[in-house]
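Please treat every number below as a calculation from the coordinates, not as lab data. Worth saying up front: this structure is predicted, and the values here are computed from it rather than measured. Note: ideal-geometry Cβ built from the backbone for every residue, glycine included; neighbour counts use all protein chains shown.
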Amino acid sequence: MDQIVSPLARTAIVSEREEFWNRFEQILGKDLFVCERIRANHSIQFKEPRPFDLILIDQTNGAQNYPDSIKSLLENFTARYIVDVVPGTSISYQENEKRIQIPEHINDYVLNSVFSALAKAVLQEKRQLEYSSLLLHDVRSPLNSLIGYLELLINGTFGELSNGQKNILEKAVQMADDTLDIVEELSDVYKHDQNSFQINPQQFNLNDLLENVLATIWVKADQKNIHIRKKIDSNIREIYGDDYYLQRLLINLILNAIHHSPKDSTITIEAAPEESGWITLSVHDTGWGVSAENLPRLFDKYFRMERKNSTGRGQGLGLYICRLIAEAHGGKIEATANPEGGLTVSVFLPSST
């Protein structure tokens, strides 16, 4: 196999057979892959997701789908690629899932070529993500400094400014803030792709969080004379989660609603308990809505959709990051069209640990 500079590709080999482990450990070698043996019937539930670059699964017992035990394991694992070793004679690749099927009895020479190419792809992705992380770090610091200097000018620290000068500087600050938001979004996506996106949940007051959210977005709402209304169930006072990320989630959802709503309209933020014991946070707008075919794609990475008279010019990451935050809390997010027009985005969260 071709030599590649470290880091090595971390690999889980899922099987119950000693001969399977031995064969693929020998094929993968020690230069490109670091292998860990995992039993397919492992019943331990891991407290934290186990990150792997590659998961290799023994599917040679005639099963057409993952057994329940393997499904349970995959719920606790994350991977860049999944390789199923199956009965059959041909290799297949599902690009959208980054999942490869290889026949059990294919010769080792062909397998060497397959895994060599796979290792190169994995390690190239890891290097690209590392370079992206360094770039984001290098961009964030000067942007923060730039915003600070501009605000000093606006406040008159270095002398009186005319109204026209203040207006130009305020627009510059807004553009710098928007750029910083994009950097933060890309940073969150990077952390997720590197399996390092983590939350720090704790009990906190929901009303306090909403006040912070409204203080952040009121200028955007005021520019379009949009009224923000709160509708919080009296039984919900505290919520369990990461207040920083849930605040970012709500800011993203409300800004998205503002961008896609007409002037002089109303946006409603609602919090309600579910019979299951969960809590639903919803943002309702009365804008131009989303077509039925686009609703399932709304939370996909980089998905952007032009909506009538929209004032938003995002990168297609805001709602995707909302999905990451909801899922990191063990919840989910979905969007529904309102019968009277507009869109409702709902986040379903566990009410406690």
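Sorted ascending by nearby beta carbons within 10 Å, beginning with the fewest, H260, H105 become H105, H260. Amide H contacts of K230 (H built 1.01 Å from N, in plane; Pro and chain starts excluded): I269 sit under 5 Å, all sequence-distant by 5 or more or on other chains.
Here the peptides 80-86, 264-270, 337-343 are ranked by packing, the mean other Cβ count within 10 Å, and the order with the highest first is 80-86, 264-270, 337-343. Here the residues R23, R229, ranked from fewest to most Cβ neighbours within 10 Å of their Cβ, fall in the order R229, R23.
Please compute the length gained on full extension between N338 and Q94, using 0.36 nm multiplied by the number of residues separating them and subtracting their Cα-Cα distance.
84.3 nm
Residue by residue, the stretch 227-238 carries 3J(HN,Hα) couplings of 8, 9, 10, 9, 9, 10, 4, 5, 7, 9, 10, 10 Hz when phi is fed to the Karplus relation 6.51 cos²θ - 1.76 cosθ + 1.60 (θ = phi - 60°); x denotes Gly or Pro.
List the relative contact order of the stretch 202-350 as a percent without decimals, with contacts defined as Cα pairs under 8 Å and 6+ residues apart.
Values: 271 pairs, mean separation 34.8, N = 149.
RCO, the stretch 202-350: 23 percent.
Quick one: order I13, I232 by neighbouring beta-carbon count within 10 Å, fewest to most.
Values: I13 23, I232 15.
Neighbour counts put them in this order, fewest first: I232, I13.
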